[in-house]
Amino acid sequence: MLEIKNLHATVGDKEILKGINLSIKAGEIHAIMGPNGAGKSTLSYVLAGRDGYEVTSGEVLYKGEDLLALSPDERASKGIFLAFQYPVEIPGVASATFLKTAYNAQRKYRGEPEVDAMEFLKLIREKTKELDIKDDMLKRAVNVGFSGGEKKRNEVLQMALLEPDLMLLDETDSGLDIDALKIAADGVNRLRSPERAGLIITHYQRLLDYIVPDFVHVLADGKIVKSGDKSLALELEEKGYAALSAA
Ligand code: ADP
Ligand code: MG
Ligand code: MG
């Protein structure tokens, strides 16, 4: 599904990613943990194709294809979903409109007919019901004045609609209450299947109580310094990252 080979990336003139190697197969959920400033968000931005993050060497293959050659839109339409630490606000655009546009863009790209307003309404009602999300949020401008929990619900709804093959989440626990954390986890867990994969980036272990990963990796100073199963997350919670670098 995703193959990251010796990935180096810079922000400005500063090298942040210093040789990342990571292989994610269909059906697997991988978690990346690590101290603040390690480069976790940089990795997610590079995978998203965000401006200002320059890959200086290495490669990333997504389903065997050169991911880095694809535009952010192409990545999304080919089944990659990125949920970010700080969701953007889009004043003047209702959430429902935004979701419909994203959904139809993906369909168009895949050569499927776009859905009309009625069909979309039906679909979104199913999803909101499934996820237990109030649909009054859909009329409001994207993320404008949304609470942390509402932003999270909106994002999970988008993910549920797009049914991505690869879920990339860059999560912080700060500012997220336990309910919002559970919403995010529920969104991921519902989509978990042998055909899909996920990369969950998080600072804290708590999220991994809800999304139980198959593999856990520790990112420190731009490199993966340790990999293990879910017990590694518990070990880090107990001993901290400092113990790891001292080992
Ligand atoms: P993490 O998500 O693991 O906390 P980040 O990827 O956000 O780490 O940051 C890694 C390093 O890159 C930090 O030293 C940070 O200061 C630096 N960095 C990140 N984004 C930028 C930017 N836009 N401009 C300059 N430095 C940045
Ligand atoms: Mg950070
Ligand atoms: Mg971060």
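Taken together, the values in this text are just the output of simple stated rules run on the coordinates, not laboratory data. Quick caveat, the model's predicted, so the values are computed rather than measured. A quick note on method: Cβ atoms are made from the backbone with ideal geometry, for glycine too, and the neighbour counts reach across all protein chains shown.
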Revision key, fill the gap. Dividing the helical contributions, -39500 (n - 2.57) per DSSP H run of n ≥ 4, by the residues of the chain yields a 222 nm value, nearest 500 deg cm²/dmol, of -12000 deg cm²/dmol
Practice item. Could you pull out which residues in the stretch 34-58 have an amide N less than 18 Å from a spot 7 Å beyond the Cα of Ala243, following the Cα-Cβ vector? Key: 34-36
Review point. Going through the stretch 19-86, which trypsin sites (Lys or Arg not before Pro) have at most 13 other Cβ atoms within 10 Å and a DSSP loop state?
Key: Lys25
**Study point:** Leading residue at positive end of dipole, the chain (Cβ point charges), from Val218, Gly39, Ser95
**Key:** Ser95
Practice item. Within the stretch 140-209, report the GluC sites (Glu not before Pro) that DSSP leaves as loop and that have at most 13 other Cβ atoms within 10 Å. Key: Glu195
Review point. Considering only Ala160, Leu82, Phe120, whose Cα is most displaced toward the positive end of the charge dipole of the chain, charges sitting on Cβ of Lys, Arg (+1) and Asp, Glu (-1)?
Key: Phe120
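Between Ser231 and Glu130, 0.36 nm times their residue separation minus their Cα-Cα distance comes to what? It would help to have the intermediate numbers written out before the result.
Working: separation 101, 0.36 × 101 = 36.36 nm, distance 3.12 nm.
In short, 33.2 nm is gained.
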Practice item. Give me the distance between the Cα centres of the stretch 8-60 and the stretch 180-223, rounded to whole Å. Key: 16
Revision key, fill the gap. Residue by residue through the stretch 152-159, the couplings from Karplus 6.51 cos²θ - 1.76 cosθ + 1.60 with θ = phi - 60°, in Hz, x for Gly and Pro, are 5, 4, 4, 5, 5, 5, 4, 5
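I'd like the GluC sites (Glu not before Pro) in the stretch 1-62 restricted to DSSP loop residues with at most 13 other Cβ atoms within 10 Å, sorted by number.
Values: sites: Glu3, Glu15, Glu28, Glu54, Glu59; in loops: Glu28.
Filter output for the stretch 1-62: empty list.
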